[in-house]
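K.L.:
Sharing a structure with you now.
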Amino acid sequence: MKYSFKAWSQDTTYRDLLETWARADRQEVWDAMWLNDHLYPPKSPPDRPIMEAWSLMAAMAAVTSRIRFGVMVTANTFRHPSVLAKMATTIDHISDGRLNLGIGAGWHEGEHTALGIRLPPLKERFDRLDETFAIVHGLMTEEVFDFAGRHHTLKDAHFEPKPVQKPRPPFVVGGAGMKRTIPLAARWADHWNYPDYVYDPDDFAVKLARLSEACAEIGRDPGEIEVSVQFRSDGDVAEVLERADAYEEIGADHLLVSLVPPADAEAPDRIAEALGNR
């Protein structure tokens, strides 16, 4: 089983994050580190400090050498898909091919309203997300790319350099919606992340079965998709071990520990030690 953790860019400083990344890069237990993509704190008053995720990822790429990393997940409403593709490719080069490319539909109404960013209706957000995956994939894998969608049009688009990772960085889809998210993961994801908002292994089993069903509908092998479970943690080691056991038994390949701010700076070290002895 793989293990990773999310260090939120909220209620912290760049220097503290830098130290967390450096320590995790030295600990073989951790496969990856993640950030969340918000411009307002998602679960705190809006005046709490928070830093922008993709800027931080460029720094993360430059100061680490082993560990993989990504945003779980990028808000598709913040960036045009062609710009996002260029950002991702640049960071893939900075890191020598360690980027995981997570993209989601976007949801935080408060940050969109306050900062003047349009948050489309839910159906449109998922339609746009599907187009984003198609555009990013096409730009990264085709010599010249054309795209004619409902929301985006690209014509004779050249895109160089291509990513270090071939054919492109792994696509990560996060969420457990039966109607849109899981079918989207079946189509595009190299990695599907189930968000454990309330500890419920039975629900995970249902959603994992839905992923297999959605893959069968389009003729894809579900074994091609890495499956992770993400849950919020205050650093309780016993809780992490309990969930690792439960979700691995059901079929998870990967446990993602999201350390809710203000996080204990030593929590990744304690958890890594426990997982290493598991």
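K.L.:
Lys pairs in the chain, Cα-Cα under 21 Å, at least 8 apart or on separate chains: how many?
P.N.:
Lysine pairs meeting both conditions in the chain amount to 8.
K.L.:
What is the diffusion coefficient of region 219-267 in µm²/s, taking the Kirkwood radius over Cα pairs and the Stokes-Einstein relation at 25 °C with a viscosity of 0.890 mPa s?
P.N.:
203
K.L.:
Now for a different question. To the nearest 20 debye, what is the magnitude of the charge dipole of region 115-272 about its Cα centre, counting +1 on the Cβ of each Lys and Arg and -1 on the Cβ of each Asp and Glu?
P.N.:
Details: 18 positive and 30 negative charges, 196 e Å.
Charge dipole of region 115-272: 940 debye, to the nearest 20.
K.L.:
Hey, another quick one. Can you sort H93, H108 by solvent-accessible area, 1.4 Å probe, largest first?
P.N.:
H93, H108
K.L.:
Order the following by accessible area, largest value first: H137, H112. Probe radius 1.4 Å; ligands, DNA and RNA are ignored.
P.N.:
Descending accessible area places them as H137, H112.
K.L.:
Would you list W34, W107 from the most to the least accessible area, probe 1.4 Å?
P.N.:
Largest accessible area first, the residues go W107, W34.
K.L.:
Follow-up question, since we're still on this one. Round to a whole angstrom and tell me the spacing of the C-alpha centers of region 1-63 and region 82-127.
P.N.:
One Cα centre to the other: 16 Å.
K.L.:
Right, next: Under the Kirkwood approximation applied to all pairs of distinct alpha-carbon atoms, what is the hydrodynamic radius of region 160-269 in Å?
P.N.:
Working: mean 1/r = 0.0665 Å⁻¹.
Hydrodynamic radius (Kirkwood, Cα only) of region 160-269 equals 15.0 Å.
K.L.:
Run through region 1-64 and list the GluC sites (Glu not before Pro) located in a DSSP loop whose Cβ has at most 14 other Cβ atoms within 10 Å.
P.N.:
Numbers: sites: E19, E28, E52; in loops: E28, E52.
Within region 1-64, the qualifying GluC sites (Glu not before Pro) (loop, at most 14 other Cβ atoms within 10 Å) are E28, E52.
K.L.:
For region 37-107, what is the accessible area per residue in Å², given a 1.4 Å probe and the full set of protein chains?
P.N.:
Accessible area per residue: 37 Å².
K.L.:
Using +1 at the Cβ of each Lys and Arg and -1 at the Cβ of each Asp and Glu in the chain, identify which of Y247, A267, I182 lies farthest towards the dipole's positive end.
P.N.:
Working it through, the farthest residue towards the positive pole turns out to be I182.
K.L.:
Probe 1.4 Å, all protein chains in place: accessible area of K166 in Å², nearest 10?
P.N.:
Using a 1.4 Å probe on the heavy atoms, I get roughly 140 Å².
K.L.:
Hey, could you pull the Cα Rg and Dmax for region 57-167, both in Å?
P.N.:
Radius of gyration, then largest Cα-Cα span, for region 57-167: 14.7, 40 Å.
K.L.:
Counting residues in region 23-96 as N, plug N into 2.2 N^0.38 Å and put the Cα Rg over that result.
P.N.:
Numbers: Rg = 13.4 Å, N = 74, 2.2 N^0.38 = 11.3 Å.
Relative to the 2.2 N^0.38 Å estimate, region 23-96 comes out at 1.19.
K.L.:
Can you give me the relative contact order of region 222-278 as a percent, contacts being Cα pairs under 8 Å and 6 or more apart? Walk me through the numbers on the way to the answer.
P.N.:
Working: 52 pairs, mean separation 26.3, N = 57.
Computed over region 222-278, the figure is 46 percent.
K.L.:
Then there is this: Where the only charges are on Cβ atoms (+1 Lys, Arg; -1 Asp, Glu), what is the dipole of the chain about its Cα centre, to the nearest 20 debye?
P.N.:
Dipole about the Cα centre, nearest 20: 800 debye.
K.L.:
Then there is this: Sorted by average packing, counted as other Cβ atoms within 10 angstrom per residue and highest first, what order do 2-13, 224-235 take?
P.N.:
Per-residue mean Cβ counts within 10 Å order the peptides as 2-13, 224-235.
K.L.:
When the distances between all Cα atoms of the chain are binned every 5 Å from zero, what whole-number percent does each bin get?
P.N.:
1, 6, 13, 16, 19, 18, 15, 9, 3, 1, 0
K.L.:
Pop out the carbon and sulfur fraction of the accessible area of the chain as a percent, whole number, probe 1.4 Å.
P.N.:
Summing carbon and sulfur atoms, their accessible area is 52 percent of the total for the chain.
K.L.:
Counting Lys and Arg as +1 and Asp and Glu as -1, each charge on the Cβ, what is the dipole of region 13-111 about the Cα centre in debye, to the nearest 20? Let's see the in-between values first.
P.N.:
Working: 10 positive and 12 negative charges, 29 e Å.
Approximately 140 debye in magnitude.
The values are calculated or read from the model by the stated rules, or taken from the named source; none is laboratory data. All values derive from a computational prediction rather than experimental measurement. Neighbour counts run over all protein chains shown; Cβ positions are idealised from the backbone, glycine included. Areas reflect the complete protein model, heavy atoms only, side chains present, ligands, DNA and RNA absent. Shrake-Rupley method; radii C 1.70, N 1.55, O 1.52, S 1.80 Å.
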